[in-house]
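The values are calculated or read from the model by the stated rules, or taken from the named source; none is laboratory data. It should be emphasised that the depicted structure is a prediction, and the values quoted were computed from it without experimental measurement. All Cβ positions, even for glycine, are placed from backbone atoms using ideal geometry, and neighbour counts span all protein chains on display. Keep in mind that these areas ignore ligands, DNA and RNA; they rest on the heavy atoms of the full protein, side chains included. Shrake-Rupley method; radii C 1.70, N 1.55, O 1.52, S 1.80 Å.
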Amino acid sequence: MIELSGLGKSYGDVHAVRELNLSVHAGEVYGFLGRNGAGKTTTMRMLLGLIRPTSGSGSVFGKPLGDPASVARIGSLVESPAFYPHLSGRDNLRLLARYSGLGDSTVDSALELSGLIDRAGDRFTGYSLGMKQRLGVAAALMGDPELLILDEPTNGLDPSGMREMRDLVRNFADNGGTVLLSSHLLGEVEHVADRIGVIHSGRLVAEGALAEIRARVGGPRLVVRAEPGPAVETALRARPGVLGVRRTGELVEVELGTATAAAVNRDLVVEGFEVSELRIEERTLEDVFTGVTAA
Amino acid sequence: MITNNLRAELFALRRRPGVLAMAGMWSTQVVVFAYLVPYIVYLTQGSSMAPAVAADMISGLLPEGAHYYVAGALPTFGGPVMLVIGALLATGDYRWGTLRTVLGRQSDRGAFLGGRFLGLLVALLPVATVTLVLGLLSSGVIAMVNASPARYGDVGVIALELGSLWLVMAAWGAVGFAIGMLTRSPVAAIVVGLLWTVLAENALALLANVVPGLGFLSTLLLGNSSNRLAAALGSEPITITGAFGAQPQGTPLLAVAVLITYIAAAFLVSHTALRRRDVT
């Protein structure tokens, strides 16, 4: 559905995006991860034809980037939502519906879906950040798009709004839609994405299913709370089957190689340490992100 | 596609307070400065004027001369207002960041610009109509107060005047639109537009009058062509400086051609600017 090949965008000597190769398949939620300034928004703008690549090429729905026929099948929210301040939320959507050749009937259903229907008659300028974000999502959903491009869609939303957004994205994909979802809030993407791409300094540094990327960074780690901490750390470092040890106070994180949690526990007890906590911790996306961008 | 965009623009235009305020300001100007003030001057000073001058003055304020002040005042006073309207229409999306919202839904920039430009031209038609109607109404009231006969021109004359008013307004609005598209700032567009039309055009016209062989330059200017068209309607152009426009150059047909050229050139410039530009 989205194919990017060596895509790049430079502003003079500044390379916002470099040699980006990326594929998003129909029906999946693709999490596009990167810190602020990594190149996520620039990439999304190129997908919509808002800015032109300086190198490489790409296609959406098999058509060149920015092709009107393909953009008409996309719902997007790129960067902060921008609407006409003197118009109500409803009138803003009615205006956009006219630009797209859609009827007014699509407006209220989009407002309903985004949870903004009760305040649709208020002027945009009086909306809170969360309401503006909801209006942006409503605009993106108008006209039953096949592909959603959402850039940090949970910005400004409260926890329940963030949960609603996750549900909305998941439901959209479950109903056959495709989503490209960018975020720097890694937990947001982790819960909904089928595949993930990590962009850093304009380059895609990792791509794949979450499990694959986790595997690249390492398996689960063992968290041990035992006293005295420094001695526990020394003992674990010397133990065969342990790849790495990091201590913060009495809490020691152990990168397990061939050793098992049970074996580590047994050895610590045998050596006379008081073990008060022992748990396996899965790699979070934060770990993954830190790992791949550090590399 | 362009039909969708035009529908959207007309929907938005009816809800643009800045544009509506400027159109309202021009309508007020017409009533106050083209009719009310001159009539007060006539009432208070008419008896001390030469009879021929006083008769000229009142005849221009009566229905049969309704075009006199409206058309004559348009290039100098109404033109800049239309220029501001054009600049506001072109720069609003840059000011609010809404260009990415609109072009993110439909990326045909030619259709978008065509719709907006056409929207401007269409919107100026009711403005021209209101201007003319206000002129006719004001002159009717003056005729009634002055106990003079209210003889309106035939429909053909009124239609011709309406067309001329619209063409002049459209040319000025289009120039403001193009400058707005180039500068992306309403303030910059208005300053550049007014400096050009008020100062630079007057200077060029003076130069053309003084330097032999440059006479044709006057006929290519927006102000001159607007004044020439107003003069063709029978009005004596009202100018700020009096240095330019008092004797507009060229033929009415040439003036029409020049004004249409300004509109076409403004569209091409705007289209080129938008097509090449990244939208951030």
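Points to keep in mind about this one:
- Overall, the protein assembly as shown carries a charge dipole of about 980 debye about its Cα centre when +1 sits on the Cβ of Lys and Arg and -1 on the Cβ of Asp and Glu, all other atoms neutral.
- Within region A:2-215: Cβ-based charge dipole about Cα centre, in debye rounded to nearest 20 (Lys, Arg +1; Asp, Glu -1): 540 debye
- Threshold 40 Å² - residues in region B:2-20 whose accessible area is reduced by that much or more when the chain is no longer isolated, probe 1.4 Å: B:Asn4, B:Arg7, B:Ala8, B:Phe11, B:Arg15
- Unit charges on C-beta of K, R, D, E only; dipole of chain B, Debye: 1180 debye
- Mean per-residue shielding of peptide A:71-80 is 3, counting Cβ atoms of other chains within 10 Å of each Cβ.
- Leading residue at positive end of dipole, the protein assembly as shown (Cβ point charges), from B:Leu167, B:Leu221, A:Gly27: B:Leu221
- Ordering of A:31-41, B:185-195, B:79-89 by burial proxy (mean other Cβ atoms within 10 Å per residue, highest first): B:79-89, A:31-41, B:185-195
- Along each principal axis, taking the top coordinate minus the bottom one, the Cα set of region A:217-292 gives 37, 25, 18 Å in descending order.
- Relative contact order, percent, region A:5-141 [alpha-carbon distance under 8 Å, six or more residues apart]: 20 percent
- Buried accessible area, chains B and A (both chains, 1.4 Å probe, Å² to nearest 100): 2900 Å²
- Solvent-accessible surface of region A:2-215, taken per residue with a 1.4 Å probe and all protein chains present: 38 Å².
- Neighbour net charge for A:Met131 - beta-carbon separation under 9 angstrom, K R +1, D E -1: +2
- A 1.4 Å probe run over the protein chains yields, for chain B, 42 Å² of accessible area per residue, whole-number rounding.
- Interface residues in region B:249-280 - accessible area drops by 50 Å² or more relative to the isolated chain, probe 1.4 Å: B:Asp278
- nm² value of the averaged projected area, convex hull over the Cα atoms of chain A: 18.4 nm²
- With every protein chain in place, region A:59-128: carbon and sulfur % of accessible area (1.4 Å): 46 percent
- Exposure of B:Met1 as accessible area (Å², to 10), given a probe of 1.4 Å and all protein chains: 100 Å²
- Complex-versus-alone comparison for region B:88-123, residues with a loss of 40 Å² or more in accessible area, probe 1.4 Å: B:Trp96, B:Thr98, B:Arg100, B:Thr101, B:Val102, B:Gly104, B:Arg105, B:Ser107, B:Arg109
- Think of chain B as a dipole: +1 on every Lys or Arg Cβ, -1 on every Asp or Glu Cβ, centred on the Cα centre; then among B:Ala34, B:Leu207, B:Gly86, B:Gly86 lies furthest on the positive end.
- Cα-only radius of gyration and Dmax that characterise region B:62-191, units Å: 18.2, 61
- Protection proxy ranking for B:96-102, A:238-244, using the average of other Cβ atoms within 10 Å per residue and placing the highest first: B:96-102, A:238-244.
- Computed in the context of the full set of protein chains, the accessible area of region A:217-292 at 1.4 Å probe radius has 54% of its extent on carbon or sulfur.
- Overall size of region A:1-109 from C-alpha positions, given as principal axis extents largest first: 42, 29, 23 Å.
- 37 °C / 0.692 mPa s Stokes-Einstein diffusion coefficient of region A:77-180, Kirkwood radius on C-alpha pairs, µm²/s: 242 µm²/s
- Rounded accessible area per residue of region A:217-292, 1.4 Å, Å²: 53 Å²
- With a 10 Å cut-off around each Cβ of A:45-56, the average count of Cβ atoms from other chains is 3.
- Exposure ranking of A:Lys63, A:Lys9 by accessible area [1.4 Å probe, largest first]: A:Lys63, A:Lys9
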